[in-house]
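K.L.:
Structure incoming, see below.
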Amino acid sequence: MIWAGFLFGLLGSFHCVGMCGPIAMALPFVGSSGWRYYVGRLLYNGGRIVTYASLGALAGAFGQSLEMAGLQQTVSIVSGVLILLLLVLPAAFKGKASSVMGTDKVMVWVRKKLGYYFQKNSLGSLFMVGMLNGLLPCGFVYIALAGAISAPGIGGAMLYMALFGLGTFPLMYIVSLSGKLISLKVRGMFNRAVPYVGMVLAVLFIVRGLGLGIPYLSPEVVQTAQHTTEMSCCSKPK
């Protein structure tokens with residue numbers, strides 16, 4: 001399921017264009033050399049991917065704690081349910097939750113730092129802009145993180161989110177070079193498709209957690225000698 005991160009990022013990258021495209025198109029030109037223009041855009045997108053992978057480590061730590069408690073099936077089901085909740089909860093409720101958890105204050109700091117690094121004339125500053133951009137509120141990223149919870153271990157969750165970022169990279173890099181290539185109509189069409197893609201991903205995680213004995217999709221859950229559960233694609237019926 002790790003490669004689902006890349007596919008989700010690739011299919012939903014038009015959503016990224018709609019949400020983060022203005023930042024990508026407004027990136028300053030660093031220096032007078034043409035190569036610095038292209039490298040700067042690469043660094044910006046690389047910064048986003050680094051942040052996504054770091055957030056994946058947090059999601060992986062949470063998922064690993066559930067696995068250590070013997071809740072391997074539950075991890076996958078919880079991931080699917082979280083994705084569904086993120087899709088159906090109204091934006092107003094999400095805003096209130098952000099205020100209660102104090103993340104709104106963090107976002108004020110992030111936006112302040114974004115403004116600071118936008119004024120710096122260096123390649124390193126573009127990398128920092130990308131890293132900070134990855135922290136901005138985005139339901140699309142939250143859905144990806146919910147999926148990362150069921151990845152195998154912290155490393156697996158980091159890889160899942162890194163692949164998610166790589167999936168968004170091609171289109172975001174093109175937009176950072178020339179944002180006029182994609183019309184608002186096309187962006188809107190793909191933005192409307194994001195919830196449906198998220199629903200498919202949620203169903204996949206829930207079905208996987210049910211352990212229906214379907215190879216690779218919903219592997220059977222078997223008991224180990226230590227009385228913990230693990231999912232096996234290759235287990236044979238006795």
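FYI, it's all coordinate maths here, none of it is from the lab. Just so you know, these numbers come straight off a predicted model, no measurement behind them. Glycine also receives a Cβ, built like all others from the backbone with ideal geometry; neighbour counts cover every protein chain displayed.
K.L.:
Once every Cα of the range 112-163 carries one equal point scatterer and solvent is ignored, give the base-10 log of I(q)/I(0) from the Debye formula at q = 0.14 Å⁻¹, two decimals.
P.N.:
-0.49
K.L.:
Right, another one. Karplus couplings for the range 126-134 from phi (6.51 cos²θ - 1.76 cosθ + 1.60, θ = phi - 60°), rounded to Hz, Gly and Pro as x?
P.N.:
5, 5, 5, 4, x, 4, 5, 4, x
K.L.:
Calculated FRET efficiency, MET68 and TRP3, Cβ-Cβ r, R0 25 Å, to nearest 0.05?
P.N.:
On the way: r = 25 Å, r/R0 = 1.00.
Once the sixth-power term is evaluated, E becomes 0.50.
K.L.:
Which value, to two decimals, describes the C-alpha radius of gyration of the range 16-89 once divided by 2.2 N^0.38 Å? It would help to have the intermediate numbers written out before the result.
P.N.:
Values: Rg = 18.7 Å, N = 74, 2.2 N^0.38 = 11.3 Å.
That ratio works out to 1.65.
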